[in-house]
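**Q** Take a look at the following structure, please.
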Amino acid sequence: MSASLTIRRIELYKLTIPLIEPFITSLGRDDFAENVLVRIHTAAGITGYGECSPYMPINGESQDTCMLVGKLFAGALIGKNALDIEGAVELMDRIIYANNSIKSAFDMALYDIAAQQAGLPLYKFIGGEKNKTIVTDYTVSIGEPEAMAGQALRILSQGYPAIKVKLGKDGKKDVERMRAIRAAVGPDIPLRIDANQGWEVEEAIETLQALAQFDIQHCEEPIGRWNFMQLPRVKKESPIPIMADECCGDDHDAERLIALGACDYFNIKLGKSGGIYKALKMARMAEAAGLHLQVGAMIESRLAMTAFAHYALCSPAIVHFDFDTALMLREDPVTGGLRYLANGVIEVPDSPGLGAVIEDKWLKQWESIAAGE
C-alpha cells in the first residue's frame, strides 16, 4: 500500500437545501434536497468529495440511514488505500446489503481522489472523452393538465431541447395531461415521460398506446419495479420505447433485464448502482447488448451532478441526460463543478478529479459525523 494515499479521515454531512418549488411525482412530494456529503482525506493531502440523494420510495434510504451506514463504512475504510476502489466497494458490500445511495457517495469520493492522483479529470480517468455535447432536459412535475402545460411552456421558453413529464397518476388523466402539454408546446420539441411505476400492467399498455399520438421519445418505468417480469410484454405492446429506471439498480439488475429483453433503454443513476465502479460495468453491458442509456439524477447538488456528467462521457451508448434537478435547489453550495450554459448545455470541468468541492463555510452549518484523525 502507498502510505501517501492512506485514508486518514472521513467526514459525513447532512446537506439540506430547500427547493425553489415543490418537486412532485407519482411517488410523492419533495420540498427539500436532503442529501449526504462524504469527504475523504488522505495522508498525502488529497481530499475527495462525494454526494448522494437518498429517496426512501426508490432506494429505501433516508438522510438518517445514510449517516448511520456511512459511519460504519467510514470506520472500516480508515487506514485503507484510497486507490483500491474495487476493494472498497467489495468491503462496503460485505458490511451491508443494498444501501446503494450512501455507497455511491463513498465511491464518488474515492474516484475523485484517484483521478486527482493521476492528474486527470474524472471523465478521462474512467476512459471517457469529450466527443459529444451533454444537454439536459427539464422536468414538469405532475399536477393538473393546465398547470403542467404552463410549466412546459416555461421550459420551452427557456430553450431546453427536450421536456420530461412526470405521469403515473391515473392513465386516462395522464393522456389528458399530455394532450394539454403537446397542444401548448407545439409539435417540434421532444417529449419524454416518466410514470415512476404508477400504472398497472393493462393500464400501462392502454395508456402508452393512447399516448402514441403525441410523439413521445420514451417512457420510464411504466409499471411496478417488482413486476419486471411483465416489462417485456409492456415493451412489446407499447408504441413508445421503454426505459427501465427503478427496476434497473446495479449491474446484476442490468444483466437480468438484458436477458429478458425487457426494455429499450436503461436509466443509470449512481445512487441506484452504488457508484461509478458498478455503473461502468452497466455501460459496457449496454454497449454489448445494443441498448442506449440515459444518465439521471435524484435531487443532488451540482457536486454529484458533476460526477454524473463526467460519467456520461464514458460511453457512446449514453445518449440522454437528465441533469436538471440541481437547478431546482434554492441555494448552490458548490465551488467549481459543471456549468449550466444556455439551452440546457452542460460544460464539464477539465481540472484533475471531480473538479467540484463544498467549502467549510457551508459545511460548518450542517450536522456532521467523522472518523479517523
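**Q** If you stretched the chain out fully between Ile78 and Asp170, how much longer would it get, using 0.36 nm times the residue separation minus the C-alpha to C-alpha distance?
**A** Roughly 28.2 nm would be gained on extension.
**Q** Return a whole-number percent for the relative contact order of the chain, with Cα pairs under 8 Å and 6 or more residues apart as the contact set.
**A** It rounds to 22 percent for the chain.
**Q** I want to verify a result. In a Gaussian network model of the chain, Cα cutoff 10 Å, which of these has the top mean-square fluctuation: Thr133, Thr306, Thr325?
**A** Comparing Thr133, Thr306, Thr325 in a Gaussian network model of the chain, the most mobile one is Thr133.
**Q** Scan segment 275-363 for trypsin sites (Lys or Arg not before Pro) in coil per DSSP, keeping those whose Cβ has at most 15 other Cβ atoms within 10 Å, and list them by number.
**A** The qualifying sites are Arg330.
**Q** In whole angstrom, note down how far apart the Cα centers of segment 18-80 and segment 220-277 are.
**A** Each part's Cα centre sits 24 Å from the other's.
**Q** Points 7 angstrom from Cα along the Cβ direction at Ala183 and Ala342: gap in nanometres?
**A** With each label placed 7 Å out from Cα toward Cβ, I get 3.3 nm.
**Q** Now for a different question. Which value in nm describes the separation of the simple spin-label points at Ala118 and Ala289, placed 7 Å from the Cα toward the beta carbon?
**A** Simple spin-label model gives 2.6 nm for this pair.
**Q** Rounded to the nearest 0.05, what FRET efficiency is calculated for Ser368 and Asp93 with R0 set to 22 Å and r the Cβ-Cβ distance?
**A** With R0 = 22 Å, the Cβ-Cβ based efficiency is 0.30.
**Q** Using only the alpha-carbon atoms, what does segment 157-210 span along each of its principal axes? Please give whole angstrom values in decreasing order.
**A** So the three principal-axis extents are 35, 18, 15 Å.
**Q** Please give the length that would be gained between Arg29 and Glu331 if that part of the chain were fully extended, namely 0.36 nm times their separation in residues minus their C-alpha to C-alpha distance (nm, one decimal).
**A** Taking 0.36 nm per residue and subtracting the Cα distance, the gain is 106.8 nm.
**Q** Between Glu144 and Ala212, what FRET efficiency follows from the Cβ-Cβ distance if R0 is 41 Å, with the result rounded to 0.05?
**A** Computed FRET efficiency for Glu144 and Ala212: 0.95.
**Q** What is the distance, in nm, between label points placed 7 Å from the Cα along the Cα-to-Cβ direction at Glu129 and at Ser62?
**A** Calculated label separation equals 4.7 nm.
**Q** When the chain is treated as a GNM, springs tying every alpha-carbon pair under 10 Å, which of Gly70, Gly48, Gly150 comes out with the largest mean-square fluctuation?
**A** Per the Cα network of the chain with a 10 Å cutoff, Gly150 tops the list.
**Q** Taking the number of other C-beta atoms within 10 Å as the exposure measure, put Leu313, Leu231, Leu354 in order starting with the fewest.
**A** So the residues, fewest neighbours to most, are Leu313, Leu231, Leu354.
**Q** Quick one: Ile346, Ile181, fewest Cβ neighbours within 10 Å first, how do they rank?
**A** Neighbour counts put them in this order, fewest first: Ile346, Ile181.
Where a number appears in this text, it was derived from the coordinates with a stated rule and is not lab data. Not measured: the values here are computed from a predicted model. Cβ: placed from backbone, ideal geometry, glycine included. Neighbour counts: every protein chain shown.
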